[in-house]
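Please read through the structure below; I'll follow up with questions.
The values are calculated or read from the model by the stated rules, or taken from the named source; none is laboratory data. Only a predicted model underlies this, so the values are computations on that prediction, with no experimental measurement involved. We place every Cβ from the backbone using ideal geometry, glycine too, and count neighbours over all the protein chains shown. The accessibility values were calculated without ligands, DNA or RNA, using every heavy atom of the protein model including side chains. Shrake-Rupley method; radii C 1.70, N 1.55, O 1.52, S 1.80 Å.
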Amino acid sequence: DRFVMGLLRACADAVLIGAGTLRATPGHTWTAEAIYPAAAAEFRDLRRRLGRTDQPRLVVVTARGDIDVDHHGLRDGALILTTDCGAERLRGRVGPHVVLRSLGGDAQIRMQAVVDAVHSEGHEVVLTEGGPTLIGQLLAADLLDELFLTVSPTVFGRSLAAPREGLVEGVAFGPSKELRLDLRSVRRQGAYLFLRYACASRSLP
């Protein structure tokens, strides 16, 4: 599964994440070789053949600007998309290679504005690695084209003491809007299943 994630990153112009994902992964960088070092040479060759830059651009969405500006993942020229309040909080604190961009407002960020901003930077193929709130907002706005889902043979479960988040948080689909996933491909490695879906939603009468 790490190789598959590395392969997705190797094909992307940018990797889009939310502030919660950044906070939850201190020390991480969103490159292909960071998650699967054994295939670093192959990933570099693939990016070269696809006409990509050396590494995908990290894009962080944060409404409040509540992020660690010294996070290792921000050191190589990340793009931070935030509100006016978030930009005020972060201005003068981010590194010289980080681009800080306000999308206006002071409470919530529209996902269409996020996608437009990423595309305006010249990034066409965008990989979203969450978290679940960001993915939910993208799905609700019909802005997620495909979903790659790994079915693991490990069962975690949930309890009041361990209220783990699901794939989507903060958004409920139906009864007025149905989210449909159309299966594109299935691959198996050992007991793992790698599923690729096309996303499509429709309003219900």
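P(r) for segment 1-44: what percent of alpha-carbon pairs falls in each 10 Å bin, starting at zero?
Taking all Cα pairs of segment 1-44, the binned fractions are 29, 53, 18, 0 percent.
Determine the calculated [θ] at 222 nm for the chain from helices alone, applying -39500 (n - 2.57) to every DSSP H run no shorter than 4 residues and normalising by the residue count; nearest 500 deg cm²/dmol.
Details: 7 runs with 57 residues, N = 205.
That calculation yields -7500 deg cm²/dmol at 222 nm.
Using a Förster distance of 45 Å, how high is the FRET efficiency between residue 121 and residue 188, based on the Cβ-Cβ distance and rounded to 0.05?
Values: r = 37 Å, r/R0 = 0.81.
Efficiency for this residue pair is about 0.75.
Give me the tail of P(r) for segment 5-91 as a percent: Cα-Cα pairs with distance above 22 Å.
On the way: 1080 of 3741 pairs.
For segment 5-91, the share of Cα pairs beyond 22 Å comes to 29 percent.
Solvent-accessible area per residue for the chain at a 1.4 Å probe radius, Å²? Before the final figure, lay out the partial values.
Values: 11990 Å² over 205 residues.
For the chain, the solvent-accessible area averages 58 Å² per residue.
When the Cα atoms of the chain are enclosed in a convex hull and the volume is divided per residue, what value in Å³ results?
Values: hull volume 31.2 nm³, N = 205.
With only Cα atoms used, the chain gives 152 Å³ per residue.
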